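Colleague: If you scroll down you'll find the structure; I have some questions about it.
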Amino acid sequence: MKISKIIKRLLIQFQNYKKMMIMMLNIIQNESDQTMSEWDDSSLKKSNNTNNKVESTPKRNRWDETPIAKSTVEETPKRRSRWDETPVNVNHGAQTPVYGMNSGGVTPQYNSMMAGGVTPNLKLQQQSGANLMMMDPAQLQIQKDIEERNKPWTDEELDSLLPSEGYEILQAPPNYVPVVQSKKLTAQTPVGVADGITIKPEDQEYFKNILKEENEEDLSPEEVKERRIMKLLLRIKNGTPPMRKQALRQLTDKAVEFGPAALFNQILPLFTSTSLEDQERHLLVKVIDRILYKLDDLVRPYVRKILSVIEPFLIDQNYYARIEAREIISNLSKAAGLAYMTSTMRPDIDSPEEDIRNTTARAFAVVASALGVPSLLPFLKAVCKSKKSWQARHTGIKIVQQIAILMGCAILPHLKNLVSIVEHGLTDEQPKVRTITALAISALAEAATPYGIESFDSVLKPLWYGIRQYREKGLAAFLKAIGYIIPLMEASYASYYTKEVMTILIREFKTNEDEMKKIVLKVVKQCVSTEGVESDYVREEIIPEFFKQFWVRRMALDKRNYKLLVETTVEIANKVGGGEIIERIVDDLKDESEAYRKMVMEAIDKIVSELGASDINTGLEERLIDGILYAFQEQTTDDNSIMLQGFGTVVLALNTRIKPYLQQIAGTIKWRLNNKSAKVRQQAADLISRIAPVMMNCGEEQLLSHLGQILYEYLGEEYPEVLGSILGALKAIVNVIGMTKMTPPIKDLLPRLTPILKNRHEKVQENCIDLVGRIADRGSDFVSDREGMRICFELLDMLKAHKKGIRRAAVNTFGYIAKAIGPQEVLTTLLNNLKVQDRQNRVCTTVAIAIVAETCAPFTVLPGLINEYRIPELNVQNGVLKSLSFLFEYIGEMGKDYIYAVTTLLEDALMDRDAVHRQTACSAIKHIALGVYGLGCEDSLTHLFNYVWPNVFETSPHVINAFLEAVEGLRFALGPNIVLQYTLQGLFHPSRKVRNIYWKLYNMLYISSQDALTPSYPRTQDENENHYQRYELDYVI
């Protein structure tokens, strides 16, 4: 009975709870209907009153879903969830997502105040003041309701809902700790701390303490200091440049106040972050460098900690990481001193871990570079002769090797001592010590090249015994050492040692180890390039076995072997002649392996480019052209630069000897121009541009004209890379064949080129502008005025191109067109262009005006330019002054005829309130002064100097630089004596700021014209004991 009563009571309680939940859901639904947008899905709309049987007829909408038949039995209303129904395939016309503040119960979306990639969270959106200001009262009410419904239930509420009879409430164990959900699991990713600094997700681990709002009064002094350092580091890492500069200065100035412990506890973990970018690491390196400079010897207790973090970066794959690690260790050694550095790193010298010993050796090399090799020599001598462990000897000798690699020829004064320190290692009982000793000697010899052979006398004998005795890695190291020492010897000794070592090298030609092959090739290259080695010896002893063992397909697969084999082959060709080497490899141009064909072509290319084709006979010439054509046609990979370069080099070297093969080459080019592959068409056009001068030398004008006609027909090419190559080929043909003989005629070609100027591809733009410029320069008769103006308008857009070569080509083309059609119309276009807002466009326009003045004489441009200065618009006036600056720079001595015409204009500019006016006018005066030196224009220059000098106290760095340059130009034109008279008045002024700039000017005068100033110094009266007067300065001859 008791159980049944309990069950009955539970059912009643459950029904009451169910009714209460239904009422709450109805309230939620009513509120959501009130805030629903007109774009919301109509299927989500419910009636406000669930008991109302009369429903309004729904309106049709083009976004509606397929109607679903409504059941007569309605289910209990419940909150709608996206998991309730089978997913419906949404078409492309689906509802546009609404980005903004969310209504209650909706998954939070991005709004305009959130940074990209931030985890959306509605709760945190409410916490920012900006978002609270954007929310309307209805949204605030919804958020309040959500928080109210989601709050935890109290014990009283649970007691009222759950039965109390027959049950008891269990107490939690005494050691139970409730799991508190971390805020960072549900919170939005922080997007900023202060001043708009963005925080990346990976930065939270390091800056989590400053993301929490805490009262500094409740924190300990150490915690406050830690938060301040974190904020400064965050500003340096993620802030804007001004913010970064300010934070870096603060951190540097307060480095001693913060202390090394607090600083390095924050900086070093951040420095080791795997997500750190190159720029961020560079900024942290700057921070550490400045801190080390400030802390000086205070850093000594933390040397070990810093090195343990920085040393692994010495063997990092990233080159910049290695460079910056060296910089830190170098500054650390200067701050801490040699004694602390050696005592700190000494335990790692004989570490069983090879990586630790390797990084320690590199760190010691950096210390030696920073503090000097002599200071480290006693320590190295002791370590290298250590009998305690072979690891210590190994590391000591490796330090010498790293010093040689790092310092290069700077080891020459210490070469003898370094060799004597490591030489005993060649006969050490440990193979690894012998190997590293040989490598250290090879590094020393490489760094000392071509000097220092006398320092290596003591190691020649053990090296010689070593190459006869050892095998594999030991032999490779000894051979490498011998290979670097032989080039240092005199010719007779070099010849002897080469012949002795060559027997071992030829034996090792057959090795299968890649590392040994690299060393053997390197040593062969070094021995062959030595003066004392005769060509006959190389031809008879080395070449047959060399080509048999090395010129195989397998060598083309490894890039390092490939490169080293080609270099060694070229060196052998320099010794025995190019024709003999090409004879041996020319037939391999028809090999089945494309990689091998490329290697052969690259070797031929370098041999022919260095030695020419004079020793290539007729039979070899035919085989060479046949092989090149085969290899050129059989390309399948996208990397075709090697074949193209080799083909062009051989054709240029053969010159007129190529004439019998030109028809065949032209047929290949025409066939490939019609290929469906864009890369093939591009390569064919590039080949035309390379061989066009040779075709002209061979008298094949008709063939060139035919190719020009074909290229003209391909000007509709859709691929910009191919179109750029076609334009380059047309430019090459126009250059060699001339304007009058060009096919198609220039009058037909030029209108086709004008629309191509609108193409935004850099290669197309540059080649097209160059081609138009050549036509305007050499074929001005074929350029109509209307076509010239069309080209000018198109070129205006090219003046703001990103690539400097395009802007330069556009500016030069303006000059050619102005010369062809007359400067008046072109100048009008350019002067109008001075009114645009884009600074780069205006600067390029001023250069174009100066080019027009240089090409068509300044008198055609100056009147319009001076008249334009009357327009009271800042950009126009600055543009005119800039044009004058470039104009006088370009025309040089011609400026003497026009200096008086622009003097009044420059006067006005130098008195203008705008600093840019005065800056640009100073630049113009500098170029005028340099141009008219010695031409009798001193009166005008002195007059302008009086207007320039008041700018001496300018504070803007740009204006003061322009002023100093103008003074330098006037010193050159007027002489230093006149400038000295202006300078003397401020050298002993009471104000330090005045004295600073005047002494700066005097120093400039003294450096450039010390001897000429002597006659201009004021006379000093003689004293009783001192006679200052020099009578010889008063002599007049």
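The values are calculated or read from the model by the stated rules, or taken from the named source; none is laboratory data. Bear in mind the structure is a predicted one, so any value in this text is a computation, not a measurement. All Cβ positions, even for glycine, are placed from backbone atoms using ideal geometry, and neighbour counts span all protein chains on display.
Colleague: I want to confirm something. Restricting to region 920-929 and keeping residues that are more than 9 Å from Leu881 (Cβ to Cβ) and of a type outside the set (D, E, K, R), which single residue is surrounded by the fewest Cβ atoms within 10 Å (Cβ to Cβ)?
Modeller: Among residues in region 920-929 that are more than 9 Å from Leu881 (Cβ to Cβ) and of a type outside the set (D, E, K, R), the one surrounded by the fewest Cβ atoms within 10 Å (Cβ to Cβ) is His927.
Colleague: For region 986-1001, indicate whether the set of residues that are at pLDDT 90 or above, surrounded by 11 or more Cβ atoms within 10 Å (Cβ to Cβ), in contact with an Asp or Glu (Cβ under 9 Å, 6 or more places away or on another chain) and not aliphatic (A, V, I, L, M) is non-empty.
Modeller: Looking for residues that are at pLDDT 90 or above, surrounded by 11 or more Cβ atoms within 10 Å (Cβ to Cβ), in contact with an Asp or Glu (Cβ under 9 Å, 6 or more places away or on another chain) and not aliphatic (A, V, I, L, M), one finds none in region 986-1001, hence no.
Quick grid of which residues meet (1) more than 30 Å from Gly805 (Cβ to Cβ); (2) small (Gly, Ala, Ser):
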| site | (1), (2) |
| --- | --- |
| Val876 | no, no |
| Glu889 | no, no |
| Tyr898 | yes, no |
| Met911 | yes, no |
| Gln919 | no, no |
| His927 | no, no |
| Ser940 | yes, yes |
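Colleague: If you don't mind, there's one more thing I want to ask. Evaluate the following for Leu298: is it in the same structural domain as Ile328 (by TED's automatic domain parsing) and not in a helix (DSSP H, G or I)?
Modeller: In short, no.
Colleague: Determine whether region 755-763 contains at least one residue that is under 23 Å from Gln709 (Cβ atoms) and in contact with an Asp or Glu (Cβ under 8 Å, 6 or more places away or on another chain).
Modeller: So far as region 755-763 goes, yes, one or more of its residues are under 23 Å from Gln709 (Cβ atoms) and in contact with an Asp or Glu (Cβ under 8 Å, 6 or more places away or on another chain).
Colleague: Go through (1) more than 22 Å from Glu423 (Cβ to Cβ); (2) touching a residue at least 24 places away in the same chain (Cβ under 8 Å) for Lys385 and report which single condition fails.
Modeller: All conditions are met except number (1).
Colleague: Can you go through Lys510, Lys473, Lys517, Lys559 and tell me which one is among the basic types (Lys, Arg), modelled with pLDDT under 90, surrounded by 21 or more Cβ atoms within 10 Å (Cβ to Cβ) and on the phi < 0 side of the Ramachandran plot?
Modeller: Lys517
Colleague: Quick test of your reading of the structure: Thr437 fulfils all but one of (1) surrounded by 20 or more Cβ atoms within 10 Å (Cβ to Cβ); (2) over 37 Å from the mean Cα position of the chain (by Cα); (3) more than 22 Å from Ile310 (Cβ to Cβ); (4) without any contact (Cβ under 8 Å) to a residue 40 or more places away in the chain. Name the failing condition by number.
Modeller: Against the list (1) surrounded by 20 or more Cβ atoms within 10 Å (Cβ to Cβ); (2) over 37 Å from the mean Cα position of the chain (by Cα); (3) more than 22 Å from Ile310 (Cβ to Cβ); (4) without any contact (Cβ under 8 Å) to a residue 40 or more places away in the chain, Thr437 comes up short only on (4).
Colleague: Looking only at residues in region 727-749 that are among the aliphatic types (A, V, I, L, M) and farther than 22 Å from Cys698 by Cα, which one is surrounded by the fewest Cβ atoms within 10 Å (Cβ to Cβ)?
Modeller: Applying the filter and picking the extreme gives Ile746.
Colleague: While we're looking at this one, here's another question. What number goes with the only condition from (1) touching a helix residue (DSSP H, G or I) at 6+ places or on another chain (Cβ under 6 Å); (2) free of Cβ contacts under 8 Å to residues at least 40 places away in the same chain that Tyr496 does not pass?
Modeller: For Tyr496, the exception is condition (1).
Colleague: Look through Gly815, Gly773 and report the one residue that is under 30 Å from Pro863 (Cβ atoms) and touching an Asp or Glu at 6+ places or on another chain (Cβ under 9 Å).
Modeller: Every option except Gly815 fails the conditions.
Colleague: On to the next question. Being of a type outside the set (Val, Ile, Thr) and crowded, with 24+ Cβ neighbours inside 10 Å narrows it down to one of Ser369, Ser442, Ser420, so name that one.
Modeller: Result: Ser442 is the single residue among Ser369, Ser442, Ser420 that is of a type outside the set (Val, Ile, Thr) and crowded, with 24+ Cβ neighbours inside 10 Å.
Colleague: Tell me whether region 325-347 contains one or more residues that are under 26 Å from the mean Cα position of the chain (by Cα), of a type in the set (Phe, Trp, Tyr) and part of a helix (DSSP H, G or I).
Modeller: Among the residues of region 325-347, not one is under 26 Å from the mean Cα position of the chain (by Cα), of a type in the set (Phe, Trp, Tyr) and part of a helix (DSSP H, G or I), which makes the answer no.
Colleague: Please give the helices (runs of 4 or more DSSP H) falling wholly within region 894-974 in which 3 or more residues are polar (S, T, N, Q).
Modeller: 915-931, 938-948
Colleague: Among the helices (runs of 4 or more DSSP H) contained in region 785-836, which hold 2 or more residues that are farther than 14 Å from Ile849 by Cβ and within 33 Å of the chain's Cα centre (by Cα)?
Modeller: Because the criterion is at least 2 residues that are farther than 14 Å from Ile849 by Cβ and within 33 Å of the chain's Cα centre (by Cα), the helices (runs of 4 or more DSSP H) in region 785-836 that meet it are 785-798, 804-821.
The rows are residues; the columns are (1) over 38 Å from the mean Cα position of the chain (by Cα); (2) under 30 Å from Lys590 (Cα atoms); (3) in a helix (DSSP H, G or I).
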residue: Tyr484; (1), (2), (3): no, no, yes
residue: Thr503; (1), (2), (3): yes, no, yes
residue: Cys527; (1), (2), (3): yes, no, yes
residue: Gly532; (1), (2), (3): yes, no, no
residue: Gln549; (1), (2), (3): yes, yes, yes
residue: Met555; (1), (2), (3): no, yes, yes
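Colleague: Here is a further query. Kindly provide the set of residues from region 645-673 that are crowded, with 18+ Cβ neighbours inside 10 Å and β-branched (Val, Ile, Thr), ordered by number.
Modeller: Thr649, Val650, Val651, Ile658, Ile665, Ile669
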